[in-house]
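Presented below is the structure to which this report refers.
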Amino acid sequence: MPTRNNSSNKTNETPAITSVKEFLSEESLSRFRFAMSLFLFFAGFGLLLGDPASEGLLDPRWIRVVHVTLICISIFLSFKFENFKKYSELVLLFHFAVMSIHSFYLLYVNGLYLGYLFGLILVVFSTGVSINNRRVLIPVLLLFIAVAFFVGIHVKNPKIDVGMYYFGLISSGVLSVLVIGFRMRTFETLLEADVQMEKFQVNIEEELEIAQKTQKSLVDLEFPEAGSFRIYSYFKPLESVGGDLIKTNLGKEGVLDFFFADAAGHGVSAAMVSAMAVMAFKTIAPVAESPSKGLTLIHESLMTMIGGFFITAVYMRLDQEKKSLTYSYAGHHPAVLIKSDGSVQELTGKGTVLLALPKLFNRDYEIILEPGDRVVLFSDGMFEFYTEENEFFGNEAFLDLIRDYTSLSGRVFLDSLGEAVLGLHSSPPKDDMTMLLLEVL
């Protein structure tokens, strides 16, 4: 069976968040396709009207065919190539230039025919809506208006009022500049907000890095060999930091205290509560008369400092000489005893949750360990989840899973059990996963 490092820090893979810059880039490409669609409509519509000569208009069909072909190629390339968006504005300006030259030619030879004027106004407006760079658009529109005046002055026998022609083209150009100005102010505000968000994210990541270093001190991952006992742990936090903790304290005459706890929730806030609980344990363990007394002292010391949180915990005291294990619960689900013959049973007991009530009600329980015995403590993240069949896994199912792996021991046992639980999840874990294993040789 595969094994891995007990302190798995591999975070859940999540889709990358698209930045505002990336969004604006994609939005620019969408506007390019919008403008190309209007160009295609304007150029292609003329092909559907039959022969313009029958209406007394000069409108060479081959020019429109070339335009439609070039526009279709550009639209196709915008979907085909990922880097096309870098050049979309240049391509748009090229088509705007070609379309403007064609339109001015048709307006000139057809005496400012109203249909071509409307089409050119559509071209100008769609170009202005689709370009982001004002420094490029304004000179282009100035050149466009200059050409418009040149055509308007030299056209013979205009079919519409020349003033109407000037007003249509100039007003569409001015409107395009106003639209791009308003849009770019909005984009600049979004980009500024994005910069501030990136700075905030950097600060959060720095704080999380500090929290990670603190978290490492909350969970003991390596334990020295203690006579005929071996101790192992498994820790997989939900996020960069978690609320589960494992702490030990070696007392006089080889007595070893274990504090296994789970602060409500996960993330930085739960880790802060866990850190305070660890400090309380380290201070109280040397003077605690028993596990139940230790839990009471931890409860009393934290009650004045922490509000709105609660902690489930198991406090165990191992006497290596007597091979006795005394334990006390504070709202935590029972630990598991695996006998040398592979049988699995819960270590009975109960007690109130830390910080939930003003007074803690709990008691001590004691068992004598024999060679081959194993004691497993685990957080609720090991069994509170839904399987791929959308069924709640539950504590009893986890006990059955432990029975399937009793032939293994040590780190291999914990790693295999952890991998098995992860494989049963219907979705990424939603809670920290922590285990402690005490083995008797």
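The values are calculated or read from the model by the stated rules, or taken from the named source; none is laboratory data. Predicted model only: the values in this text are computed from it and were never measured. Neighbour counts are summed over all protein chains in view; Cβ atoms, including those assigned to glycine, are modelled from backbone coordinates with ideal geometry. Side chains included, ligands, DNA and RNA excluded: accessible areas come from the protein's heavy atoms. Shrake-Rupley method; radii C 1.70, N 1.55, O 1.52, S 1.80 Å.
Across the chain, the relative contact order, built from alpha-carbon pairs under 8 Å that are at least six residues apart, equals 14 percent.
What is the diffusion coefficient of the range 250-300 in µm²/s, taking the Kirkwood radius over Cα pairs and the Stokes-Einstein relation at 37 °C with a viscosity of 0.692 mPa s?
Translational D for this selection: 280 µm²/s.
Each principal axis of the Cα cloud of the range 103-167 was taken in turn, and the coordinate range along them, longest first, works out to 38, 19, 18 Å.
Each helix, a run of at least 4 DSSP H residues, gives -39500 (n - 2.57); summed and divided by the residues of the chain, these come to -17000 deg cm²/dmol at 222 nm.
Keeping the other protein chains in place, figure out the carbon and sulfur percent of the accessible area of the chain, with a 1.4 Å probe. Taking all protein chains in place, the chain shows 62 percent carbon and sulfur surface. Taking Cα atoms, how many degrees apart are the long axis of helix 61-80 and the longest axis of the chain, rounded to 10 and kept between 0 and 90? For helix 61-80, the angle is close to 10 degrees. The calculated FRET efficiency for Phe41 paired with Ile170, based on their beta-carbon distance and R0 = 30 Å, is about 0.80.
Among Asp380, Asp431, Asp404, which one shows the biggest mean-square fluctuation in a GNM of the chain, springs joining Cα atoms closer than 10 Å? Top of the fluctuation ranking is Asp404. The residues of the chain expose on average 51 square angstrom of accessible surface per residue, using a 1.4 Å probe on protein heavy atoms. Measuring nothing but how far apart in sequence close Cα pairs (under 8 Å, 6+ apart) lie, relative to its length, the range 115-177 scores a relative contact order of 60 percent.
Between the helical axis of 291-303 and the longest alpha-carbon principal axis of the chain there is an angle of about 40 degrees.
Of Ala53, Ala280, Ala226, which is the most mobile in a GNM of the chain whose springs link Cα atoms less than 10 angstrom apart? Among Ala53, Ala280, Ala226, the largest mean-square fluctuation in the Gaussian network model of the chain belongs to Ala53.
For the range 291-322, run through the trypsin sites (Lys or Arg not before Pro) and keep only the ones in DSSP coil with at most 10 other Cβ atoms within 10 Å of their Cβ.
When the trypsin sites (Lys or Arg not before Pro) of the range 291-322 are filtered for loop state and at most 10 Cβ neighbours within 10 Å, nothing remains.
Fully extending the segment from Leu142 to Leu48, taken as 0.36 nm per residue of separation minus the present Cα-Cα distance, adds 30.6 nm. What's the angle, to the nearest 10 degrees (0 to 90), between helix 268-284's Cα axis and the longest principal axis of the chain? With rounding to tens, the tilt is 20 degrees.
Name the residue, out of Met164, Met316, Met272, whose mean-square fluctuation peaks in a Gaussian network model built on the chain with Cα pairs under 10 Å. Looking only at Met164, Met316, Met272, the biggest GNM fluctuation is shown by Met164.
Of the listed values [x] 4, 17, 19, 12, 7, 8, 10, 10, 8, 4, 1, 0; [y] 5, 21, 32, 26, 13, 3, 0, 0; [z] 4, 17, 21, 22, 17, 10, 7, 3, 0, identify the label whose number matches P(r) over Cα pairs in 10 Å bins from 0, in percent calculated from this model. Matching entry in [x] 4, 17, 19, 12, 7, 8, 10, 10, 8, 4, 1, 0; [y] 5, 21, 32, 26, 13, 3, 0, 0; [z] 4, 17, 21, 22, 17, 10, 7, 3, 0: [x].
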